[in-house]
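Only one structure is covered here, and it is reproduced in the block below.
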Protein chains: 4
Amino acid sequence: MAIRTVVWNEFIHEQNNSVVQAIYPDGIQNEIARVLSADREIEVSTATLQEDEHGLPQSRLDETDVLLWWGHKAHGDVSDEVVDRVQQRVAEGMGLIVLHSGHFSKIFKRMMGTPCSLRWREAGERERLWVINPSHQITQGIGPAIELPHSEMYGEPFLVPEPMETLFVSWYEGGEVFRSGLTYQRGAGRIFYFAPGHETYPIYKDENVGKVLRNAVRWAYNPAKPWKDVSDAPNVPHDKAPEKLEPKGASLHRAGEAGFR
Amino acid sequence: MAIRTVVWNEFIHEQNNSVVQAIYPDGIQNEIARVLSADREIEVSTATLQEDEHGLPQSRLDETDVLLWWGHKAHGDVSDEVVDRVQQRVAEGMGLIVLHSGHFSKIFKRMMGTPCSLRWREAGERERLWVINPSHQITQGIGPAIELPHSEMYGEPFLVPEPMETLFVSWYEGGEVFRSGLTYQRGAGRIFYFAPGHETYPIYKDENVGKVLRNAVRWAYNPAKPWKDVSDAPNVPHDKAPEKLEPKGASLHRAGEAGFR
Amino acid sequence: MAIRTVVWNEFIHEQNNSVVQAIYPDGIQNEIARVLSADREIEVSTATLQEDEHGLPQSRLDETDVLLWWGHKAHGDVSDEVVDRVQQRVAEGMGLIVLHSGHFSKIFKRMMGTPCSLRWREAGERERLWVINPSHQITQGIGPAIELPHSEMYGEPFLVPEPMETLFVSWYEGGEVFRSGLTYQRGAGRIFYFAPGHETYPIYKDENVGKVLRNAVRWAYNPAKPWKDVSDAPNVPHDKAPEKLEPKGASLHRAGEAGFR
Amino acid sequence: MAIRTVVWNEFIHEQNNSVVQAIYPDGIQNEIARVLSADREIEVSTATLQEDEHGLPQSRLDETDVLLWWGHKAHGDVSDEVVDRVQQRVAEGMGLIVLHSGHFSKIFKRMMGTPCSLRWREAGERERLWVINPSHQITQGIGPAIELPHSEMYGEPFLVPEPMETLFVSWYEGGEVFRSGLTYQRGAGRIFYFAPGHETYPIYKDENVGKVLRNAVRWAYNPAKPWKDVSDAPNVPHDKAPEKLEPKGASLHRAGEAGFR
C-alpha cells in the first residue's frame, strides 16, 4: 500500500514575503511533503496554483488518494472547473485535508455549504490545541495538547456545520477559543480541517503538527474502490424493481428516459 | 407574529404538461401557498423562475423568514447570483424547505456540499413514509406513517451529509427505501428536505403532507435577529483582545488591514 | 402556556459550608427558581434530595415539562428508582438541563452512556464562554461571550458523545478549554448541559447566566403530547401488517405473545 | 496484528428450541465465530451467559479488542457488574457490535441512554437491507443491498440517538422500514448495531451478512493503547496549570483533595 498524496499550495507568500521565504524557502508545499515523507506508506507529491490546471488535471486527481490544501490570498484565482473536479473526487472517496487559511478556500466552502468565517488576529500569541479524543487515529502520539509558542488567533464562531468529530479545541493567549480540528464525512470522502499553519511562524516544522498531518493522511485515506457514479441518478425501470410492480398513474418521463438535473 | 414565507416554483410542467396542469392548474406554488395559509401565523406569497431575478431580489429575501423550493427540469436556469444570495440568507437565519426534485437544485447542492443524487422510478407505486420521531415539531398530528397511493420512487443511497435528525424513512411498493425527511442546521438557518411531491400525482393535496409543510415552516422559522455579518471575518487587533496581549513575532498584515478571502 | 419547571438540587453545601451558605442562603434551587421566574411563561418549583423520593414522585414528573439538575457530592445517594423514572420521562419528552457538577450525576451518565469525566481546578480563575451560534434560542440576548470573573476550571477531554449542537466553548485563565454548552436529543426529550455554576462563586446571580437558563427552559420544552409508550416494543401481527402478508417459516413466539426484554 | 474478538451469546434458544437447535446446533456464538475466522486477522473466541461471570471476567475483557453481543430472552439475567465493566471497556476503546435482539440488552441500552425500543413481527417475511454508503469499511463487498428471504420485521421508530453514520436501511415485505445498520462513537470505543439475526432463520449463514460481520470487526477495532483513565476526573492544581495562575476566591476543596463523584 502507498497512499498517493498531493500537497497543494497557492505558493505566493513564499515568493514575495521575505519573512515567509526565510521559513519556507521551498514553499509550504515542500515542507509539508517532507513532513509526510517520514511515513513510508505515504507517497507524496506537490501541486501549486501556478501550474497548468493548478497542477490538478483530472488524470492526476484520479490517482490521488488524499489531497492537502493550503491557500490564503489567492482563493479567488482558483478556477471553478478545478474546484468542481476536486469536489467530485471527494464524493468518490478522495480524502481532503484543509489547512489553516484554507477555511476560506473555494473547495472548503463548497464542501461545507456555509460561510466558513471566523475572527482572527496576527499577534504571534501562544496557542494550545487540546486533544478532545486522544484515542483517535489522528491524535496518536501527541499527548494531551499541542503548544505553539507563536500562532495566529482564529476565534469562534467558526461558521461550519456541526462536525462528525471535534478532535482539537484551541486556547489562545489573547482570550479566544477555536474548534481547531474537525472531521466530516461527505459521500465516500473524509475531510479534516486543521487550523494551525500561519505562514509567518514555522508551525509545519513542529513535531506534533507533523504527527497530526501524517495521522490525518492515513485517516482520510479510503481504500475502497472509487465511487465513480456517486453523482448519477439512475432510473430503475418498473420491470427492474426488486419487487414485482405494475405501473400505475401518469408519467412525466417516457420509459428509459434520463431524469432532469 | 407572522412567518413571512415564500413558495418558489420553477413553474414549467404546469404550463406544458397536461397531466400536471390538470392537477395543479395554478401551479404547484399556489397549491402549496393555499395549504400553508391554513395556518394563520404563516403569511405566504409565491415566486417563480420566470419573474425578474426569479422573484427573489435581495430586498424580498431580506424580508423572508422561510423559503420553500420546488424545481425539477430547470435547475440549470436558476442564476448563480440568486443562489448566492439565498445561500447567504440561510446562513443569516432564513429557513429553507427543499421539496422533492429540489434535491438536485443548485441551492440544495450548495447547502449540502454533496452530489444529492439518488435512484428513481416513475411507476405510480405506493409510498409509506414512516415517522421516526412522532414528538418532533414537524411530525405533529400525522400518526405513525403517511401513506401515498401513487408516488415516484426515490431510492437510497441519497448522497447528502448525515442529517441532524432523520424524521421520515419511506417504504416503496417496488422494494426500495429512502430517508425522506431530513433536518440540517447551517449557520443560523434550518433546512428541511422533504421527499414527496412528484408533479403527476396530487401529493400536495394530501392532508398529512399539508400538515408536514405547515409544521416545517414553523420549525424552520428562526425568530432571532438576522445574523447579517455571518460571513465576515473581522480582525480583532491585539489591543482589543479580551486578555492583555503583547504582539510577538512577524506579521503578514499591517495593523487594521482586512484579511484575504 | 406555562412551562412547568422543577429545579432539583441536592442542597447539601448550602447547609454545611459557610461560603456557599453566604452566597445561596436559601439553596441554589431557590436562586435558580428566582432567576427563572423572571420569565412569566415559566412556572417553577423546586425539589431536593432530602425530600421523599427526592421530591420527584412519578405523579410530579408526569406534570413536569422541564427538569433542571444540580448535584455535586451526593450523586451516589440518588436512588436508582428515581433515576429510572427521570430517564423514562426524558424519553417521553420532558426536557432536562444538567448544570455544572451534574456532569457526574447518575441521570446525566445514564443519558449519555459515557463516563462524563473531565479535568478540574478550583482556583477562582476567569472563564469566558464563547458563543458558537448567537442565533440559537439558548444564546439570545447575551452577546459574543459570557465572562465570569471567578469560576471553577472544567477542562477537556469531556467524555460525552458528540453533541447535536455545540453552543458554548470556554476559555480559562489557567490555559484550558471546555465545551461548556452542549445539546442532545434523546427520544422525545431535549437535553442541555451547561457547565458554569460552581457553588463557591455567585455564578447563578450573573445576568447572562440567568438569560441562558431561561432560554434553555424554553428550548428544552417539548409541547407535544408525552410519548407514553416510547419504551414499548409492540408486536405487529401479520394480519395487521400494512401490506398483505402470508406468514412463512418457523416462529419463536406464539401469535399475540409479548416479546422478550 | 490479530484482532482479539469475543462472540458473546446468551445461548438459550439453541438448547431449548428445536427449530433454533436445528439451525445452530453449536449455538449462534460458534456459528458467528466460524464466520469471523474466515478473516485471518480476526482471532476469535466465545463466551456465554452460563459461564462464570458470563465468561467476561475483567482479565479477559482487558485482552479483548472487539466484543459481539447476541441476547434475546435473558437480558435481565446479565449481571450489572459485568455490564459495568463492558461499558468501561468500550469507553477505553474496545469495539462493540450489538446484534439483532441485543437492541434490548442492558449493555446497548446503557451505551445509548435511550429505550432502544422498536416494533416487531415474526412472519418469516422478506427483508432487503439497502446500503447507504457503499464505500464504508463495513459495507465492502456486498453490492447495493442484502436480501434475506426470511427475516423478523423490526420497524421504526427505533428509539436510539441519531447515529454517527446510517449504513443500512431495511425494507420489509409487510410494509415497514428500519435503520438496520448504525454506527456510534463513545469515548475511545466504536459501536455498530446490526439488525438481522433472528434465531429461527439461518441468517448468520448468509454470505453477505458474514462479510458485514467481518468488516465490522475490523472497523470497530481501535489499535490505540487503551484509554485506561477515561473515567477519571483529575484535579489540576493551580501550580500545575498550563498558564501561570494566582488562586483567587473561596474553595470547596483542600489542595490536592479528590473531587466528588
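Quick look at the values:
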{"read-out": "Which numbered condition C:SER59 misses (of (1) in contact with a Leu (Cβ under 9 Å, 6 or more places away or on another chain); (2) without any contact (Cβ under 8 Å) to a residue 60 or more places away in the chain)", "value": "(1)"}
{"read-out": "First in the stretch A:1-28 and on the phi > 0 side of the Ramachandran plot, second anywhere and open to solvent by less than 30 Å² (accessible area, probe 1.4 Å) and assigned to a helix (DSSP H, G or I), Cβ under 7 Å, 6 or more apart", "value": "A:PHE11/A:GLN29; A:GLY27/A:GLU14"}
{"read-out": "Meets criteria (of a type in the set (D, E, K, R) and surrounded by 15 or more Cβ atoms within 10 Å (Cβ to Cβ)) for C:ARG85", "value": "yes"}
{"read-out": "Residue that is nearest to the other protein chains (Cβ to nearest Cβ) [pool: residues in the stretch B:1-43 that are part of a loop (DSSP other than H, G, I, E, B) and farther than 22 Å from B:PRO223 by Cα]", "value": "B:ASN17"}
{"read-out": "Boolean, A:ILE132 is more than 27 Å from A:LYS228 (Cα to Cα), of a type in the set (A, V, I, L, M), touching a strand residue (DSSP E or B) at 6+ places or on another chain (Cβ under 8 Å) and facing another protein chain (nearest Cβ under 10 Å)", "value": "yes"}
{"read-out": "Any chance A:ARG119 is within 21 Å of C:GLY175 (Cα to Cα), among the basic types (Lys, Arg) and facing chain B (nearest Cβ under 9 Å)", "value": "yes"}
{"read-out": "Members of the stretch B:201-219 that are away from chain C (no Cβ under 14 Å) and open to solvent by 10 Å² or more (accessible area, probe 1.4 Å)", "value": "B:PRO202, B:LYS205, B:ASP206, B:GLU207, B:ASN208, B:ARG214"}
{"read-out": "Residue in the stretch B:7-18 that is surrounded by 24 or more Cβ atoms within 10 Å (Cβ to Cβ) and closer than 20 Å to B:PRO226 by Cβ present", "value": "yes"}
{"read-out": "Enumerated strands (runs of 3 or more DSSP E) restricted to the stretch C:60-140, each holding at least 3 residues that are acidic (Asp, Glu)", "value": "C:119-131"}
{"read-out": "Candidates C:GLU31, C:GLU51 - the one that is open to solvent by 10 Å² or more (accessible area, probe 1.4 Å) and either of a type in the set (Ser, Thr, Tyr) or over 16 Å from C:GLY197 (Cα atoms) (or both)", "value": "C:GLU51"}
{"read-out": "The stretch B:227-241 residues that are more than 7 Å from chain A (Cβ to nearest Cβ), paired with ones that are of a type in the set (S, T, N, Q) (beta carbon under 7 Å, 6 or more apart)", "value": "B:TRP227/C:SER135"}
{"read-out": "The stretch A:196-224, residues that are in contact with a Leu (Cβ under 9 Å, 6 or more places away or on another chain) and of a type in the set (S, T, N, Q)", "value": "A:THR200, A:ASN208"}
{"read-out": "Breaking point among (1) surrounded by fewer than 23 Cβ atoms within 10 Å (Cβ to Cβ); (2) in contact (Cβ under 8 Å) with a residue 24 or more places away in the chain; (3) at the interface with chain C (Cβ under 10 Å from one of its Cβ atoms), for D:GLU162", "value": "(2)"}
{"read-out": "Odd one out for C:MET153, checked against (1) within 30 Å of A:ARG119 (Cβ to Cβ); (2) open to solvent by less than 10 Å² (accessible area, probe 1.4 Å); (3) among the hydrophobic types (A, V, I, L, M, F, W, C); (4) touching a residue at least 40 places away in the same chain (Cβ under 8 Å)", "value": "(4)"}
{"read-out": "Those residues of the stretch B:123-134 which are open to solvent by less than 10 Å² (accessible area, probe 1.4 Å) and either under 18 Å from B:ASP84 (Cα atoms) or in contact with a Gly (Cβ under 9 Å, 6 or more places away or on another chain) (or both), in sequence order", "value": "B:ALA123, B:GLY124, B:GLU125, B:ARG128, B:LEU129, B:VAL131"}
{"read-out": "Condition broken by A:TRP120, with the remaining ones in (1) under 26 Å from A:PRO202 (Cβ atoms); (2) out of contact with any strand residue (DSSP E or B) (no Cβ under 8 Å at 6 or more places or on another chain); (3) open to solvent by 10 Å² or more (accessible area, probe 1.4 Å); (4) not hydroxyl-bearing (Ser, Thr, Tyr) satisfied", "value": "(2)"}
{"read-out": "Residue satisfying condition, being of a type in the set (A, V, I, L, M) and touching a helix residue (DSSP H, G or I) at 6+ places or on another chain (Cβ under 6 Å), within set B:LEU159, B:LEU182, B:LEU245", "value": "B:LEU245"}
{"read-out": "Selection within the stretch B:95-111 - facing chain A (nearest Cβ under 10 Å) and of a type in the set (D, E, K, R)", "value": "B:LYS109, B:ARG110"}
{"read-out": "Residue identified as under 29 Å from D:ALA224 (Cα atoms), within 13 Å of chain C (Cβ to nearest Cβ), open to solvent by less than 60 Å² (accessible area, probe 1.4 Å) and not small (Gly, Ala, Ser) among D:THR114, D:THR64, D:THR46", "value": "D:THR114"}
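Listed here are the residues, each with its yes/no results for (1) at the interface with chain D (Cβ under 9 Å from one of its Cβ atoms); (2) open to solvent by less than 10 Å² (accessible area, probe 1.4 Å); (3) of a type outside the set (Asp, Glu).
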{"site": "C:GLY141", "(1), (2), (3)": "no, no, yes"}
{"site": "C:LEU148", "(1), (2), (3)": "no, yes, yes"}
{"site": "C:THR166", "(1), (2), (3)": "no, yes, yes"}
{"site": "C:SER170", "(1), (2), (3)": "no, yes, yes"}
{"site": "C:VAL177", "(1), (2), (3)": "no, yes, yes"}
{"site": "C:GLY181", "(1), (2), (3)": "no, yes, yes"}
{"site": "C:TYR184", "(1), (2), (3)": "yes, yes, yes"}
{"site": "C:PHE192", "(1), (2), (3)": "no, yes, yes"}
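The values are calculated or read from the model by the stated rules, or taken from the named source; none is laboratory data. All of these numbers come straight from a predicted model, not from anything done at the bench. We place every Cβ from the backbone using ideal geometry, glycine too, and count neighbours over all the protein chains shown. Note: areas computed on protein heavy atoms with side chains; ligands, DNA, RNA excluded. Shrake-Rupley method; radii C 1.70, N 1.55, O 1.52, S 1.80 Å.
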